[in-house]
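The next block holds one structure in the form of structure tokens; read it before the comments.
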Amino acid sequence: MLPIQFRSFLGLTAGVCAALLCSPSLRAGDDPAPALIATINGVVDLSLGLTSSAIQEKLPEIRTRMDESFATSVIVQRAFGRNWQKLTAAQQAEAIDLLGRLIIRTYVLQLSSGERPVITVMASRAIGADRHEIVSTVLHQGETVNVVYRLGRIDGKWKVYDVLAEGISVVGNYRQQFDAHFQKGSVAELIALLKTKLATIPAGKSEGS
Amino acid sequence: MNLHKYRRPLTTALFALVSQAWFAAPGLAQVPDSILNEDPSAVTAAPIPDRIEGINRVVFKFNNGFYRVAWRPLSQGYAAVVPRVARKGIGNFFHNLAYPTRLVGNLFEGHGGGALKETGRFLINTTVGVGGFLAVADKMPSLKVPESDLGQAFAVWGVGHGTYVVLPIIGPSSLRDGIGDGLSGVFLAPAQYLNNWEYRTGAVALEAVNQSPDAMHTYDTLHGAAVDPYVALRDAFSARRAQQVREQMAPYGRTLITPRRGANGPPRDNP
């Protein structure tokens with residue numbers, strides 16, 4: 001018979017091991033940070049140096065790349081928040097498409113000039129059973145920006161459902177806008193506005209700037 | 001434009017957009033309720049109360065016109081004449097000159113360590129950095145310190161924003177931060193101590209124009225991405241200022257804001 005202390009030690013060890021194995025952040029190979037950074041770097045590879053006229057050609061490729069780590073529909077749905085139920089199924093699909101394109105266009109234009117951004121992961125930690133947070137810095141155009149990615153277990157994979165840059169949440173920012181819009185405006189007006197936005201592509205950064 | 005508080009939040013907001021580029025998704029995914037129900041303001045900050053929204057929107061509209069008609073041509077002309085590297089150096093020079101504001105902000109907050117670091121940064125940038133044109137101290141981790149200003153100091157004292165304010169030409173601010181910036185501009189800006197008013201005006205104008213190309217780019221991108229640019233900017237300003245105050249207080253183990261209570265908790269206060 002094992003001494004009582006040794007049995008306790010074994011029990012404690014087994015408990016710790018079980019906890020480690022069950023912890024989403026500590027399970028071997030389950031840290032979503034490497035996959036996320038690979039996705040972002042892949043998108044940077046596709047985007048860097050693009051002119052405004054070349055953007056459209058690359059969008060499908062970027063979409064495919066981003067879908068590996070970003071939950072588009074969830075981000076859009078969360079951005080709408082309580083207003084999501086005001087949309088019909090067709091309008092929801094259209095909103096996901098339009099808002100997604102609006103954001104990707106902004107993304108590509110932002111990265112179409114300047115040197116390659118340098119992304120560094122500062123921390124990667126579980127914030128619950130089904131959520132994870134990755135804290136990173138982005139060095140771009142001489143400025144360092146703190147970016148936090150919030151990921152969730154979505155369809156069995158870790159995917160980003162919100163991004164906070166210097167404390168500014170993309171989901172939160174759009175939700176504020178949509179809440180303001182729906183105080184007076186309709187779904188149809190919002191979709192028309194999104195289409196108008198997409199129809200007017202802002203000029204990329206000039207060489208001199 | 002309020003170049004310190006306007007350009008930075010928008011630039012960083014764009015990185016948020018940059019970080020989530022995607023296109024259309026094939027359909028809605030199976031998502032845990034904890035994610036769908038997570039309130040974004042629980043992990044950022046509640047918006048600053050906008051008690052004079054009607055007036056603010058009028059000023060916002062006026063500013064838009066001013067930026068497009070007057071500021072953009074000026075910005076484009078300046079960018080065409082002055083290369084980016086020179087603009088960076090001039091920006092570093094003016095940032096270094098704003099040392100008194102950061103110093104007083106730290107002292108008002110009781111952050112002696114921050115005041116010492118700011119002083120060290122100023123001395124190194126002014127000497128090794130050739131009058132401040134080179135931000136040498138940025139490469140020294142031991143001198144890294146969150147930037148302070150009088151608005152943040154007021155926040156540490158417990159003073160609330162009061163109301164969100166859009167200032168003519170300058171842009172987004174709050175009652176508290178506007179007063180802080182005004183006091184800084186009158187008493188702590190070295191340019192105000194120049195004898196000749198032409199020099200004073202010239203210094204302020206040069207600093208503003210020097211930052212205008214980046215500010216205009218950010219402005220254009222925001223208007224291209226936002227459904228309601230007024231609300232988008234207000235939210236970005238609110239969140240960014242809250243983050244700055246958090247950063248300012250974090251190294252000293254002090255906080256005035258609601259601690260993070262889990263992602264589905266109540267909205268965090270805006271300090």
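The values are calculated or read from the model by the stated rules, or taken from the named source; none is laboratory data. From a predicted model like this one, the values you see are computed outputs, not experimental measurements. Every residue, glycine among them, receives a Cβ derived from its backbone with ideal geometry; neighbour counts consider all protein chains shown.
Among residues of segment A:88-99 that are at pLDDT below 95, those with a Cβ under 8 angstrom from a residue that is polar (S, T, N, Q) and crowded, with 18+ Cβ neighbours inside 10 Å, sequence gap 6+ or separate chain, pair up as A:Ile96/A:Thr72; A:Ile96/A:Ser73; A:Ile96/A:Gln77. Residues in segment A:121-140 that are surrounded by 16 or more Cβ atoms within 10 Å (Cβ to Cβ) and over 15 Å from the mean Cα position of the chain (by Cα) were compared, and the one that is farthest from A:Phe70 (Cα to Cα) is A:His140. The set of residues in segment A:41-86 that are within 21 Å of A:Leu151 (Cβ to Cβ), touching a Ser or Thr at 6+ places or on another chain (Cβ under 7 Å) and more than 7 Å from chain B (Cβ to nearest Cβ) comprises A:Arg65, A:Glu68, A:Ser69.
Which of the residues spanning segment A:137-150 are at the interface with chain B (Cβ under 9 Å from one of its Cβ atoms) and touching a residue at least 12 places away in the same chain (Cβ under 8 Å)? Matches in segment A:137-150: A:Val138, A:His140, A:Gln141, A:Val145, A:Asn146, A:Val147, A:Val148, A:Tyr149, A:Arg150. Selection of helices (runs of 4 or more DSSP H) fully inside segment B:1-96 by the criterion of at least 2 residues being at pLDDT below 85 returns B:3-18, B:33-36.
Counting only residues that are farther than 23 Å from B:Asn56 by Cα and over 15 Å from the mean Cα position of the chain (by Cα), segment B:208-235 holds 3 of them. Determine whether A:Lys195 is in contact (Cβ under 8 Å) with a residue 12 or more places away in the chain and more than 18 Å from the chain's Cα centre (by Cα). The answer is yes for A:Lys195.
Here A:Gln77 clears all of (1) modelled with pLDDT of 90 or more; (2) over 22 Å from A:Arg131 (Cβ atoms); (3) buried (at least 18 other Cβ atoms within 10 Å of the Cβ) except the condition numbered (2).
Looking only at residues of segment B:176-202 that are in contact (Cβ under 8 Å) with a residue 60 or more places away in the chain and part of a helix (DSSP H, G or I), we find that the one that is surrounded by the most Cβ atoms within 10 Å (Cβ to Cβ) is B:Asp177. Does segment A:89-104 include one or more residues that are within 9 Å of chain B (Cβ to nearest Cβ) and of a type in the set (Lys, Arg)? So far as segment A:89-104 goes, yes, one or more of its residues are within 9 Å of chain B (Cβ to nearest Cβ) and of a type in the set (Lys, Arg). In the set (1) at pLDDT 85 or above; (2) under 30 Å from A:Pro60 (Cβ atoms); (3) surrounded by fewer than 17 Cβ atoms within 10 Å (Cβ to Cβ), A:Glu115 fails one condition alone, (1). Considering (1) more than 10 Å from chain B (Cβ to nearest Cβ); (2) at pLDDT below 95, the lone condition that A:Asp162 does not fulfil carries the number (1).
Can you tell me which residue among B:Val104, B:Val130 is more than 15 Å from the chain's Cα centre (by Cα) and part of a loop (DSSP other than H, G, I, E, B)? Even if it seems obvious, please write down each step before you answer.
Details: B:Val104 fails: part of a loop (DSSP other than H, G, I, E, B).
Checking each option against the conditions leaves just B:Val130.
Counting only strands (runs of 3 or more DSSP E) that sit completely within segment A:112-182, those holding 1 or more residues that are among the hydroxyl-bearing types (Ser, Thr, Tyr) and over 17 Å from B:Asn37 (Cα atoms) correspond to A:118-126, A:131-140, A:143-154. When both residues are 6+ apart or on different chains and their Cβ atoms are under 7 Å apart, which pairs have a first residue that lies in segment A:168-186 and is within 7 Å of chain B (Cβ to nearest Cβ), and a second that is among the polar types (S, T, N, Q) and not in a helix (DSSP H, G or I)? Filtered contacts from segment A:168-186: A:Ile168/B:Thr44; A:Ser169/B:Thr44; A:Val170/B:Gln20; A:Gly172/B:Thr44.
Tell me whether segment B:65-75 contains one or more residues that are small (Gly, Ala, Ser), more than 23 Å from B:Gly178 (Cα to Cα) and in contact with a helix residue (DSSP H, G or I) (Cβ under 9 Å, 6 or more places away or on another chain). Looking through segment B:65-75, at least one residue is small (Gly, Ala, Ser), more than 23 Å from B:Gly178 (Cα to Cα) and in contact with a helix residue (DSSP H, G or I) (Cβ under 9 Å, 6 or more places away or on another chain). Among the residues making up segment B:179-232, those that are more than 14 Å from every other protein chain (Cβ to nearest Cβ) and either under 20 Å from A:Arg105 (Cα atoms) or out of contact with any helix residue (DSSP H, G or I) (no Cβ under 8 Å at 6 or more places or on another chain) (or both) are B:Gly182, B:Phe187, B:Tyr193, B:Asn195, B:Asn196, B:Trp197, B:Glu198, B:Thr201, B:Gly202, B:Ala205.
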